[in-house]
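In what follows, a structure is listed as structure tokens, so that the remarks can point back to it.
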């Protein structure tokens, strides 16, 4: 079984400050990891993904995340946030090819990023 | 725009009724996934189809069913609706059986 824990339900931050949204996962098999963003009244947009290779992955809108297998974490970071980054952020995990698991995504409960002027 | 389309955008219906939600995946994607998003349960996987065949089932109620057609579009059928079925229903697609998924804008279902 797999599970995802997003350690903060809300993260308030001032504009142009750095931010880190924390995500830990649990899995008995190898995983793929994802971050999605959801703006109000919209669907989920893929921010970035870790499938294999370099543990530091870069995504859209200046976001990046680091896969840490020993700590089972996949924290999302941005060096300088904008008002437009205000949204809900979801961390998700799925099993890899060959893991025996399906491609379904298991989501965390979400973190609301509130960027203040 | 993810390339995944869902209709209708909003649906308001009464308890006991039946509705059908429709999803068209991105061009070239063979897998379709359905998810339910609610305040109390968060984002929950319902069911996956790959190239017309059911591949995985999640916490999908027996009152709910889905299928994927030869043109790869998918429909989610919800019957004997209850107030607790009110939620956002998302469809997502991916090229293969796993990997990154691209989400549609969702259908907001309100059961009164």
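Taking the stated definitions as given, is residue B:98 more than 22 Å from residue A:49 (Cα to Cα), buried (at least 18 other Cβ atoms within 10 Å of the Cβ), in contact with a strand residue (DSSP E or B) (Cβ under 7 Å, 6 or more places away or on another chain) and at pLDDT below 95?
no
Residue A:45 - would you say it is surrounded by fewer than 20 Cβ atoms within 10 Å (Cβ to Cβ) and in a loop (DSSP other than H, G, I, E, B)?
no
Which members of segment B:11-33 meet the condition of being more than 12 Å from chain A (Cβ to nearest Cβ), within 18 Å of residue B:95 (Cα to Cα) and in a strand (DSSP E or B)?
Within segment B:11-33, B:24 is the sole residue that qualifies.
Let me confirm something: among B:36, B:41, which residue is within 28 Å of residue A:35 (Cβ to Cβ), touching a helix residue (DSSP H, G or I) at 6+ places or on another chain (Cβ under 9 Å) and more than 9 Å from chain A (Cβ to nearest Cβ)?
Checking each option against the conditions leaves just B:36.
What are the pairs, 6+ residues apart or on separate chains, where a residue within segment B:31-45 that is closer than 15 Å to residue A:88 by Cβ has its Cβ under 6 Å from a residue that is surrounded by fewer than 17 Cβ atoms within 10 Å (Cβ to Cβ) and modelled with pLDDT of 95 or more?
Here the result reads B:42/A:109, each pair linking segment B:31-45 to a residue that is surrounded by fewer than 17 Cβ atoms within 10 Å (Cβ to Cβ) and modelled with pLDDT of 95 or more.
If you scan segment B:44-56, which residues turn out to be assigned to a strand (DSSP E or B), surrounded by fewer than 21 Cβ atoms within 10 Å (Cβ to Cβ) and more than 9 Å from every other protein chain (Cβ to nearest Cβ)?
Within segment B:44-56, B:53, B:54 qualify.
Given (1) touching a helix residue (DSSP H, G or I) at 6+ places or on another chain (Cβ under 6 Å); (2) crowded, with 21+ Cβ neighbours inside 10 Å, where does residue A:35 come up short, assuming only one miss?
Among (1) touching a helix residue (DSSP H, G or I) at 6+ places or on another chain (Cβ under 6 Å); (2) crowded, with 21+ Cβ neighbours inside 10 Å, the lone unmet condition for residue A:35 is (1).
Out of B:74, B:80, report the one residue that is more than 19 Å from residue A:91 (Cα to Cα), surrounded by fewer than 21 Cβ atoms within 10 Å (Cβ to Cβ) and more than 11 Å from chain A (Cβ to nearest Cβ).
B:80
Within segment B:50-70, how many residues are at pLDDT below 95 and closer than 17 Å to residue B:6 by Cα?
Residues in segment B:50-70 being at pLDDT below 95 and closer than 17 Å to residue B:6 by Cα: 0 in total.
So, residue A:53, is that one more than 11 Å from chain B (Cβ to nearest Cβ), more than 13 Å from the chain's Cα centre (by Cα), on the phi > 0 side of the Ramachandran plot and modelled with pLDDT of 95 or more or not?
The answer is no for residue A:53.
Output the residues belonging to segment A:56-68 that are more than 14 Å from every other protein chain (Cβ to nearest Cβ) and over 20 Å from residue B:98 (Cα atoms).
Scanning segment A:56-68 gives A:56, A:58, A:61, A:62, A:63, A:64, A:66, A:68.
Please go through segment A:1-30 and pick out each residue that is in contact with a strand residue (DSSP E or B) (Cβ under 8 Å, 6 or more places away or on another chain), more than 23 Å from residue A:50 (Cα to Cα) and assigned to a loop (DSSP other than H, G, I, E, B).
A:15
Inspect segment A:9-16 for any residue being surrounded by 12 or more Cβ atoms within 10 Å (Cβ to Cβ), under 12 Å from the mean Cα position of the chain (by Cα) and in contact (Cβ under 8 Å) with a residue 12 or more places away in the chain and give the result as yes or no.
The answer is no; no qualifying residue exists.
The values are calculated or read from the model by the stated rules, or taken from the named source; none is laboratory data. The model shown is predicted, which means the values in this text are computed figures rather than measured ones. Every residue, glycine among them, receives a Cβ derived from its backbone with ideal geometry; neighbour counts consider all protein chains shown.
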